[in-house]
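Colleague: For reference, the structure I am asking about is given below.
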Amino acid sequence: MLRNKTKPLLSNSQASIFRYLAPQPSLPQIKQTHAHVVVWGHARLTVHLLSLLSFSSTVPFPLRYSLSLFSSIPFPTVFAFNSLIRCHAKANSSPSLSLSLYSAMRRRFLNPNQHTFTFLLHACSKNLKIKVNNNRLGVQVHVHVIKLGYACHVFVRNSLIHFYFECGDADSSQRVFEEDALCSDVVTWNSMLAGAVRNGDVRVAEKMFGEMPERDVVSWSTMIMGYVQNGLFEDGLECFRDMRKKRVRPNEAILVTLLSVSAQLGLLCYGRFIHSTIEAMRFSMTVHIGTALVDMYAKCGCIEKARILFDGMVKKDVWTWNVMICGLASHDFAKEALALFDRFIDEGFLPVNVTFVGVLNACSRAGLVGEGKHYFKLMVDGYGIQPEMEHYGCMVDLLARAGLVDEAVKLIEGMAITPDPVMWATLLDACKLHGYVEMGEKIGNKLIELDPTHDGHYVQLAGIYAKERKWEDVVRIRELLSERIVGKVAGWSLVELQGRVHRFVAGDREHECSSDIYKMLETIGLRITEAGLLTETF
């Protein structure tokens, strides 16, 4: 009797063990569960093997384990084949392997379902190094979709649209979308929207976004990302404002992206608006959001606010420390930046190349030649980080500012990588500052040879001649500039005022307040002259 009472309890444990697994368990957890099944003597039960195989298909597990589970099933079902096809797709294996499984399933006279084609198309969308072959295989799957009557199934249509976009065939995606516009959901529209954004067709995406019968946070996120990726930063920020008016809750990716945009453009008002949104909607101060906020405030000139946020963060990663170190360096807080670097090391973090860009920049701005040389050597010898253009640029700037132009030239000539024109331009500025006319002339001519279309090089060289009152050379360089530079690309700048972004081009008079702006510029010019300051020209 005792044995009979115990047996049902054991059976209940066997049945319930899968319920306690996480939705996406780790491989050790799956194997531990598998071991329990084997110990109980039920390793041959198809229902248990199918459950294990299903769990192994949710995350990229080693294919060998999934294949061993599949091989243990005496009579594989459609569910088993679908799970293994999904495993292949997760593992980024060749889509031909997934097609072979599909063929084996058909040879067993098993009818596929909508999930079969979804997983097959997902497999064909992966491993795009063999895009042409994948495209051909995906088209074959599309034929079977039509033949077996799954073309009107919304999940399958979404997979087809995604597949064709992944293969760069936007026309086929559009045709699938237009075949049955009523058979679509928000995922269908989002796939079309994402495809248009990926192809750089922002205005097409914009039109499609306006026509969407329903939008979710993915729709708004895709549109905002599309604006940002194509350089339409102001449009992206305005899209976020519209999103908030519609009371759509943003996700973390949108917030981090827009904080990065605000940082790049120096739009403090927008950055504060996003920060207030984060606080109002009670988002957790994750590492990503915290780092983006610190970066935004630092780049928008509020270094004190950035430091308060940094010190208040419970969790920080390497990039959080990098942002703060670089922010302090760019605001001329060299000692604070170097002290923070020492704390960074004491906390057990390993510096990366960006870390030393901040450290060397701090040394350069403060004129700490000895410290700069020390950290440059520490980067290479202590941490095995090979110098990149930014590191060399900081060192050249450091040496040039200190008047060690000859040493800076030797550093450039000994670089393992080809120096860019910016580095030589830094030296040219130093030659002008310290009066090295002969070397400046040599470097200036070299710069003009490297990039004859850059008008700034002519201006710099002419400035050196003007400082030494070599007017004939000034006229010669000016004539050379006129001959070679036919048209100059107009520079532009952004000014944020009361929540609105104003864009100005040099000589622009299209702004509604242009008359007032030019009057103020004249007033500023007069005051500069009265103060005894002269603008430098050549």
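Colleague: Once amide H atoms are placed 1.01 Å from N in the peptide plane, what residues at a sequence separation of 5 or more from residue 502, or on another chain, have their amide H within under 5 Å of its amide H?
Modeller: 495, 496, 497
Colleague: Using θ = phi - 60° and the Karplus curve 6.51 cos²θ - 1.76 cosθ + 1.60, what whole-Hz ³J(HN,Hα) does each residue of region 276-284 get, with Gly and Pro shown as x?
Modeller: So the J values, rounded to whole Hz, are 5, 5, 4, 6, 5, 8, 6, 5, 5.
Colleague: Which trypsin sites (Lys or Arg not before Pro) does region 300-404 hold that lie in a coil by DSSP with at most 12 other beta carbons within 10 Å? Write out the running numbers ahead of the final one.
Modeller: Working: sites: 305, 307, 315, 316, 335, 343, 365, 373, 377, 401; in loops: 315, 316.
The qualifying sites are 315.
Colleague: Further question: How large is the Kirkwood hydrodynamic radius of region 311-385, in angstrom, based on all distinct alpha carbon pairs?
Modeller: Values: mean 1/r = 0.0819 Å⁻¹.
Kirkwood radius, region 311-385: 12.2 Å.
Colleague: Using the crude model of +1 on Lys and Arg Cβ and -1 on Asp and Glu Cβ, and no other charge, please compute the dipole size for region 216-323 relative to its Cα centre, in debye to 20.
Modeller: Values: 13 positive and 11 negative charges, 66 e Å.
I would put it at about 320 debye.
Colleague: Additional query: Over all directions, what mean area does the Cα convex hull of region 363-445 project, stated in square nanometres? Don't skip to the end; give the middle numbers.
Modeller: Details: hull surface 20.4 nm².
Mean shadow area of the hull around the Cα atoms is 5.1 nm².
Every read-out reported here was derived from the displayed coordinates using simple, explicitly stated rules and does not represent laboratory data. Bear in mind the structure is a predicted one, so any value in this text is a computation, not a measurement. Quick reminder, even Gly has a Cβ in these numbers, built from the backbone with ideal geometry, and neighbours come from all protein chains shown.
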